[in-house]
1. What is the gain in length, in nm to one decimal, between ALA34 and ILE135 on full extension, counting 0.36 nm per residue of separation less the C-alpha to C-alpha distance?
2. In the chain, what percentage of the DSSP-assigned beta bridges are antiparallel, given to the nearest 5?
3. Once amide H atoms are built 1.01 Å from N in the peptide plane, which residues 5 or more positions from ASN487, or in another chain, come under 5 Å H to H?
4. In nanometres, what is the gap between the two model label sites at THR468 and ARG310, each 7 Å from Cα along Cα-to-Cβ?
5. Calculate one ³J(HN,Hα) per residue across region 17-32 by plugging θ = phi - 60° into the Karplus curve 6.51 cos²θ - 1.76 cosθ + 1.60, and present them in order as whole Hz with x for glycine and proline.
6. For region 203-491, what proportion of DSSP beta bridges, expressed in % and rounded to the nearest 5, is antiparallel?
7. Quick one: compute the contact order of region 266-336, relative version, from alpha carbon pairs under 8 angstrom and 6+ residues apart, as a percent.
8. If you average the sequence gap of Cα pairs under 8 Å that are 6 or more apart and divide by the length of region 222-275, what percent do you get for the contact order?
Amino acid sequence: MIYEFIAVRMLQRFYGSSLEVWSAEISVCLLGLAAGYSLGGMLADRYRSWLPLGIVLIIAGITACFMEPIVVRVADRIAQNEMMRWWEPLVASAAATLAPLLALGTVMPQAIRLAVTRIEKLGAGAGRIAALSTIGSICGTLATSTLFVQWGVRESLYATCGVLIAGGILIMIVHFATRRMAAAITSASAMLLFAQAVPAQTIYEDYSAYHHILVHDEDGKRVLYFDSSPQTTMNTADTSTGGFEYTDFFYTPLVLNPTMKSVLFVGLGGGTGPKAFLKHFPDMKIEVSEIDPAVVKVAKKYFEVPEVSRLRIVTIDGRTFIQRSKQTYGAIIMDAYASGPNGAYLPYHLATEEFFNAAKERLENGGCLVYNVMGEYGGSNDKIVRGMVKTLEAVFQHVYVFQAESSWNTVFIAQKIDHTKLAANGTVEGKVWPEGPWLAHPANLSDLAAKLIAQDKKFPADFVKRLTQFSAASSAPRDGTLYTDNNAPVDIAQGR
């Protein structure tokens, strides 16, 4: 089970957290185990020895050591289009994990053959081994989240490989020392460690592949819920208003660069941000990456997200889209969440240094990454807020951190400034603010916003005040965790 979770973690870097990734890895897992069971049965009948069991465990450990470079190389080689083809994660998964899973699949038949010495006890022996296999899979599943949080993905992989290799070597040593001792010690332990398990008024309610989606009309507002978490509010009297307070901060990139003409939203929800930008900025081109097609349908039908030429919605994971897109944007606005037993959480692959570097490449010089985090410094999800500060500052030149007053949302504004591509006067294309991006930091953003409003720029009613709501994380020690693809437990530990 640990191999399966690790493989998905690595595949998500290139193919996102879509169901295709899980279905691909589960399919490869089942295929590997099926082939392994067949091969293991032949080995058991031919040899009935502990030696082949030790060898296959060593093979399972060694071949898995190369899982990450295989995923990276295969994903890079077959990624040719903006849209992911259905078979890509399947090919990458098979290349990276089929061999170690096949080797592990041979364990069960060999263990049964070694454990059962009397034919009349075959059923009982096979039952005990199957039970130990299932218990081992449960232990592996529960241990995986702990390993990811404490060690990281890469370290968890290498530790698992090391245990497999050490177990195989131990079996071989015991085999050559005394066969009886090998039978007593390793029959149960091999299966426990290495076995795999086969794996208000309701307007709308349904299940999608990712969420339980619920739309309520309550007190003059329409509210979109994913599972038990509210995602979007909309005034039924004025469908372009009514969003949560934190969405006001989505306008901040327009203060830092009033001339921006394009924006990418990662996560659609009820479309509060895209609708407002369409209404107030007639020259703006808006793209949206939304992983769940059911959410797109609900947003259009119940939250009046229009179908117009200036708005393009792509049904794809946000990271996959950003890594494959050739476009650049004045702003990328991240408001993508998944749902878990403790409520909404950040998808891990959208909160790492590697992802932020990819997003930075898709930003214009002077453009901003806006990131909404459900948490607050010193309160709920404090560790995640601290980690996001450290990780964003490792990638972007300037990072501002704001705190909503009516909710525990923290919003990060991270600006890209490539000094090597600035004009001689330190501007982009020789244009100073507001004809170009603002590049002098730290900036008094509320004063800049007031100047733009005086020029009849459209911003939310309390926007100037919002830009004074700095989070305590802005001036706090940078003691958070640097989130990387190897270790970013934002979707496992709630960080309280």
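1. Details: separation 101, 0.36 × 101 = 36.36 nm, distance 1.93 nm.
Value of the extension gain: 34.4 nm.
2. Numbers: 37 of 56 bridges.
Of the beta bridges lying entirely in the chain, close to 65 percent run antiparallel.
3. So ASN487 has HN proximity to VAL153.
4. Going by the 7 Å Cα→Cβ label model, 3.2 nm.
5. Values, residue by residue: 9, 6, 5, 4, 5, 5, 5, 5, 5, 5, 5, 5, 4, 5, 5, x Hz.
6. 65 percent
7. Details: 87 pairs, mean separation 29.6, N = 71.
Relative contact order, region 266-336: 42 percent.
8. Dividing the mean separation by the residue count of region 222-275 yields 35 percent.
None of the figures in this text is laboratory data; all of them are computed from the coordinates on show. Everything numeric here is computed off the predicted structure, so don't read it as measured data. We place every Cβ from the backbone using ideal geometry, glycine too, and count neighbours over all the protein chains shown.
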